Structures are given as C-alpha cells and as structure tokens.
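Values in this text are rule-based calculations from the coordinates and carry no lab data. In this text the structure is predicted, and so the values were computed from the model without any measurement. Cβ sites come from the backbone with ideal geometry, for glycine too, and all protein chains shown count toward neighbours.
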Amino acid sequence: MSEKLAIHGGTPVFQGEELKTLAPKWPVSHPETEAKLLELYRGNRWSVCAEYEQQLMRDFAAFQGTEYSVWMCNGTTTLECALLALGIGHGDEVIVPGVSWLATAQAPMYAGARTVLVDIDPETLCIDPEKIEEAITPRTRAIIPVHVFSAIADMDRICAIARKHGLHVLEDCAHAHGSRQHGKGVGSFGEFGSFSFQQSKLMTAGEGGCLITGDRRLADLAFRASHIGSSCILPDEPLKPGLMCHQYRFTEFQAVILCDQLRHLPEQQKKRIENMALAAEIFKDDPGMKLQKSSYDDDVRGYYFPTLLLQTQNLRPEVTRKDIFDAARAEGVLPAFLNEGWGEPMYRMPQWNMLPDRYVKHDTPVCEEVMEQRFMCSVHRLLLADASTVERWAMAVKKVVDFFLAV
Ligand SMILES: Cc1ncc(COP(=O)(O)O)c(C=O)c1O
C-alpha cells in the first residue's frame, strides 16, 4: 500500500519555511570575489581582454583540456562565431539534435547556413549517431552534438563519422562544465566546444559564453568574429576577407566572477556526483521511471539537469504528466527541486522562430516520445545540499511516481 499523497490530504515531504532553506542559494557567492569586484569597479579596465579575462582564457581552456578559450557575451553567439570561424555559411548544412535549447538550431541560421534536425538516442537524449549518417548530404559541413541535461553524447562515434565524411564537430557544452569522457574534457573532441555561463548554468556570471579550441588559428578567427575584427590571439595577422565580425564582447566583471567560480567547480562537481549516486540508488529498479543515461560508463558528468524518464508503459493508462507534476508540487518538490522544463523538442517550443526555408527536419519519433516522458530535475543546486536532504528529495519523487504505477 503506497503512502498517501499530499495532493490527497497526506503530509507533504517538504513544506513551509523548510522549503526556502533546504536547497543552497544559486548562484553561489564567493566572499573572495567581492573585494575583487569592488577594486575592478574603482579601476579603469572594465572590458576588452583585461587581466581577469586573460587569466580565464588560460585557466578554463586548461581545465577542459585545450589550449585556447575565447570569451563572449553568451553561449548563443559562441555557437554562431564558431561556425563563422569554420567558414560555414550560405549553402552549407549543419546537423543538430531535435532536443536542445533553441540556440543550437538558430546558430547555423545566424551564420547563413541551413539547420538539419535529427533524432536522439532514447537513453541518453543526445544526438543519435546513426541518424547523423542518414542525414549527411554533399552540403553537410558540420555536426553540433549537445551534451544535453546530464549526459555526454557519444563522441567516439560522432568523431568517427565526422572523420569519415570530412565534417567539422562543434560540441555544445552549455550543460556540461567539468564533464569528461574517457578522461578527456568535453569541448576538446571537436574543432570547438561552446559553453554558456547564463544564470542557471553550472558556472555563471549571470550571462557569458566561451569557445574552447586546440587550434590557434581557429581561436583567432573566433576572437575576431566576436570582437569586430580585432584579435589578441594573432594580433599581427591580417583580417580574413569575408569573415563576418560582430561585437559580442564579454566584460571584466564577468571574468572576475568566473575565475573564482572555476576554482570552486571541482569540489561542487564532486559533491553533485556523490549526491546523485545516493539518489540513483533510490531510483534504481523503480518500474515507474529511469534516469537519463550517459554514453559511457566512464563518463564524468556535471549533473546540470538530471532527468528522469517516466516509464509510461508501467503507469496507469489514464495518468498524465500533469498529474505527476501536480502531485510533486503538493509534496513540496516542485518548483524548488523539480522543473517541468522543456517539455518539448526545440521545433515545438513557443519561441521557435526559424525561417521555414532555413531548416530541414528529419523524422524524430524519439524526440516526440521521450520529451513527453520527461521529469526534469533542476537539482544542481539541491545536489550541493547535505546527503539527507537529497535522499528525502529522491524518496519524495519516488513516492509520487510509485503512486501512479499500474498494479
Ligand atoms: C544547450 C544550450 N546551448 C546553448 C545555449 C545558449 O546559451 P546562452 O543562454 O548563454 O546564450 C543554452 C542556454 O540555455 C543551452 O541550454
């Protein structure tokens, strides 16, 4: 006999004042950053590749396992500038997964190319390598795999396909700071890795973006594409004719915040991994849900949005996703610890504004089905809480899902 749900008059797992204090504050403020911000504010270098930005250029690239990083105002402009640096534009096609944030699909359009949407893997929710191969045409120039939510795409297979067909790889790592596959940092597999530092991300300055690359010439081109043609990477090189250059600069205030955040990321990631292992133990073998998997057992994940997939075949047929979210809300696990999030593939989002002749959509049955089953946990800040809170959270989610199981 399952426990009485709060929505049916039972006792909520989390309630009242407790709800406000359980999940650590996000973003985390580090006291050592405050004095630096004040000093910076009183000084005269607020932008254009000053001291902290240069430090971040070195430190973040090294942290993810590459040599260069180029900083911009957000993780949408980074995707666009990577494509511009690769010389991708009019007449070219770029393959992206159907599930991501809109930026991944829009970047090729902004660069003048055509976006090709393909299906995802049902277990990892990342781009399905088989579907990439099926979508390749003579116009295909690049693939943008996304390490989405809390998984890492299968970079072995994606890089093999890219090599076979002579394609560029631009990894969208907006969700994956600190993630590694086979010991190698995400973003270092392809020509470029793109990161976002927007408010909700694992490292944040409110907004911000960066590209990492091991190729100095590409770093220079990306820098120029985002700094109206000038560069501090190869400053004496002439500007490449035809390179579209924007003003997408980053500020020193963002840099100083992120330099300190980078130092705290490894300890935060360790805690998230440990806490997620506790939750995974509680969810294990539950017939009503399973956790999003990553591509390889040795993947070290950042756990941005751990995602539960409802096993609808094992739930009562009349149950809807809304029933589950309503019950979770009554238990106090929503909205603080659980998030309905993106309940749809990109091309169904209300903000989808792609020009009809600028994209092609292949069949995406997995995107359609899996997004319906999704129960997204915006728990990266919860995963910084103490172990007992995380266990109570996981038990509360299990209480809700198990109630709706078909008997
Ligand atoms: C997968 C993905 N790519 C790119 C972006 C764009 O990043 P930004 O908001 O910094 O432009 C986001 C933002 O949420 C994202 O989730």
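Please give the FRET efficiency for His8 paired with Asn353, using the beta carbon to beta carbon distance and R0 = 45 Å, rounded to the nearest 0.05. In this case the efficiency is close to 0.60.
Classify segment 154-283 from the C-alpha gyration tensor, please: rounded if a/c falls under 1.5, else prolate or oblate depending on whether a/b exceeds b/c. Oblate, since a/c reaches 1.5 and b/c is not below a/b. Could you tell me which of rounded, prolate or oblate describes the chain, using a ≥ b ≥ c as the square roots of the eigenvalues of the alpha-carbon gyration tensor, with rounded for a/c under 1.5 and, failing that, prolate when a/b is larger than b/c and oblate otherwise? Oblate.
The slack in the chain from Asn44 to Glu130, taken as 0.36 nm per residue of separation less the alpha-carbon distance, amounts to 25.7 nm. Extension gain for Glu267-Glu281 works out to 2.9 nm (0.36 nm per residue, less the C-alpha to C-alpha distance). Computing Rg and the Kirkwood Rh from the Cα coordinates of segment 31-259 gives a ratio, Rg/Rh, of 0.97. Each of Glu318 and Glu51 was given a label point 7 Å from its Cα along the Cα-to-Cβ line. The distance between the two points is 6.8 nm. Between the helical axis of 216-226 and the longest alpha-carbon principal axis of the chain there is an angle of about 80 degrees. Of all beta bridges that DSSP places with both ends in the chain, some 60 percent have antiparallel geometry.
Each Cα pair under 8 Å and six or more residues apart adds its sequence gap; the mean of these over the residue count of the chain is a relative contact order of 23 percent. Mind telling me which of Asp363, Asp386, Asp236 comes out most flexible in a GNM of the chain, alpha-carbon contacts under 10 Å? Among Asp363, Asp386, Asp236, the largest mean-square fluctuation in the Gaussian network model of the chain belongs to Asp236.
Angle between the Cα long axis of helix 51-64 and the longest principal axis of the chain, 0 to 90 degrees, nearest 10? Compared with the principal axis, the helix lies near 60 degrees.
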